[in-house]
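The block underneath contains the structure these notes are about, expressed in structure tokens.
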Amino acid sequence: MKHIKTLSVLFILSLTILAACSNDDDPVPVNEEEVITTVTIELTNGTEKVILQSRDLDGDGPNAPEIQGGTLKANTTYSGVITLLNETETPAENITDEVAAEADEHQFFYSAAGIASTFTYTGTNDSNGNPVGINFTVSTEGAGTGVYTVTLRHEPNKSATGVKEGNITNAGGETDVEISFPITVE
């Protein structure tokens, strides 16, 4: 009986030691997807400032995002900057900083539907000279109503045809966020 108790104690001790050991040498780092609740685009032309914003504080919850569009002047060029926030944290986490830090793995794409506008990348490029798109310009051409759509792609193929110029068609990758803002140009 004493022999069985000794074996039981050794067995339990062995299990405890094995459970305490872990492999801390994870070969693949985990890069969690960014939580983006708020997308703000600030467009400026001299002293004029137009704010486009989408807020979705419940993420994939039942409530639709609150989207604020804007009114721009016809035949005018605006400087743009985009900011991404995770407002589920206090204080809100600035996801734009993470996108900038991982510039090789991200690119914003801008497009217009229903209104003539031209988008051009400005600002800092990634380490390979490819655009990220945090900063940009948009030039309006004539009056009308439509939408501006902004898409952030994670791990796009930046060397694919047209991607460097802002054409999302061949970009691939995964969409981190895509928002359409109602726009009036007058």
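The values are calculated or read from the model by the stated rules, or taken from the named source; none is laboratory data. Predicted, not measured: the structure shown is a model, and the values here were computed from it. Note: ideal-geometry Cβ built from the backbone for every residue, glycine included; neighbour counts use all protein chains shown.
Can you tell me which residue in segment 65-102 is farthest from Thr122 (Cα to Cα), limited to those that are assigned to a helix (DSSP H, G or I) and of a type outside the set (Val, Ile, Thr)?
So the first thing to find is which residues in segment 65-102 are assigned to a helix (DSSP H, G or I), and the list is 95-101.
This time we only want the ones that are of a type outside the set (Val, Ile, Thr), so: 97-98, 100-101.
Numbers: Asp97: 17, Glu98: 18, Ala100: 13, Ala101: 17 Å.
Per the stated criteria, the residue is Glu98.
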* To do: Could you run through segment 148-170 and say how many residues are touching a residue at least 60 places away in the same chain (Cβ under 8 Å) and either buried (at least 21 other Cβ atoms within 10 Å of the Cβ) or within 20 Å of Thr76 (Cα to Cα) (or both)?
  => 3
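Taking the criterion of being under 20 Å from Val99 (Cβ atoms), at pLDDT 95 or above, within 12 Å of the chain's Cα centre (by Cα) and in a strand (DSSP E or B), would at least one residue in segment 136-145 satisfy it? Outline the logic, then answer.
Of all residues in segment 136-145, those under 20 Å from Val99 (Cβ atoms) come to 136-138.
Subset that is at pLDDT 95 or above: 136-138.
If we keep only those that are within 12 Å of the chain's Cα centre (by Cα) too, we end up with none.
No: segment 136-145 contains no residue that is under 20 Å from Val99 (Cβ atoms), at pLDDT 95 or above, within 12 Å of the chain's Cα centre (by Cα) and in a strand (DSSP E or B).
Please find, among Asn75, Asn94, the residue that is surrounded by fewer than 17 Cβ atoms within 10 Å (Cβ to Cβ), more than 20 Å from Val150 (Cα to Cα) and at pLDDT 95 or above.
On the way: Asn94 fails: more than 20 Å from Val150 (Cα to Cα).
Result: Asn75 is the single residue among Asn75, Asn94 that is surrounded by fewer than 17 Cβ atoms within 10 Å (Cβ to Cβ), more than 20 Å from Val150 (Cα to Cα) and at pLDDT 95 or above.
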* **Leading residue by the ranking (nearest to Val163 (Cα to Cα)) among those in segment 111-135 that are touching a Lys or Arg at 6+ places or on another chain (Cβ under 9 Å) and assigned to a loop (DSSP other than H, G, I, E, B)** => Asn130
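In this structure, does Thr175 turn out to be among the β-branched types (Val, Ile, Thr) and surrounded by 17 or more Cβ atoms within 10 Å (Cβ to Cβ)?
Working: among the β-branched types (Val, Ile, Thr): yes; surrounded by 17 or more Cβ atoms within 10 Å (Cβ to Cβ): no.
Spelling it out, it is not the case that Thr175 is among the β-branched types (Val, Ile, Thr) and surrounded by 17 or more Cβ atoms within 10 Å (Cβ to Cβ).
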* **Residue check for Thr175: in contact with a His (Cβ under 8 Å, 6 or more places away or on another chain) and among the hydroxyl-bearing types (Ser, Thr, Tyr)** => yes
* Do the conditions hold for Ser180, that is, is it outside any loop (DSSP other than H, G, I, E, B) and loosely packed, with under 15 Cβ neighbours inside 10 Å? -> no
* Asked: Which of (1) of a type outside the set (S, T, N, Q); (2) out of contact with any Gly (no Cβ under 7 Å at 6 or more places or on another chain); (3) in contact (Cβ under 8 Å) with a residue 60 or more places away in the chain is the odd one out, the single condition Ala92 does not satisfy?
  -> (3)
